[in-house]
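All remarks here apply to the structure that follows.
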Amino acid sequence: LYALAKIAEFWMINVVERTIEVYTKPRVGKYHKKVEYAETDVVPLILDGVKIAEILVSELIAKT
């Protein structure tokens, strides 16, 4: 649904796998790029093509 609405980037916290899945490049109702970050990784927060922060996956997982 997010890809159909052309949401440029969608993050999903996978609590079971303890990962963050980042989906980008929506086209024709689906995302064409998926990057998965492990609990020990850092996810870049990018707005308008500029990295403005880095977020520890472990910090996001701990809050869910």
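General observations
- Contact map, the stretch 18-47: residues that are touching a residue at least 24 places away in the same chain (Cβ under 8 Å) paired with residues that are in a strand (DSSP E or B) and of a type in the set (Lys, Arg), Cβ distance under 9 Å, separation 6+ or inter-chain. Pairs shown: Tyr31/Lys25.
- Among the residues of the stretch 48-64, just one is open to solvent by 80 Å² or more (accessible area, probe 1.4 Å) and in contact (Cβ under 8 Å) with a residue 40 or more places away in the chain, namely Thr64.
The values are calculated or read from the model by the stated rules, or taken from the named source; none is laboratory data. Predicted, not measured: the structure shown is a model, and the values here were computed from it. Counting neighbours? That spans all protein chains shown, and the Cβs are built from the backbone with ideal geometry, glycine included. All accessible areas refer to the heavy atoms of the entire protein, side chains included, with ligands and DNA or RNA removed. Shrake-Rupley method; radii C 1.70, N 1.55, O 1.52, S 1.80 Å.
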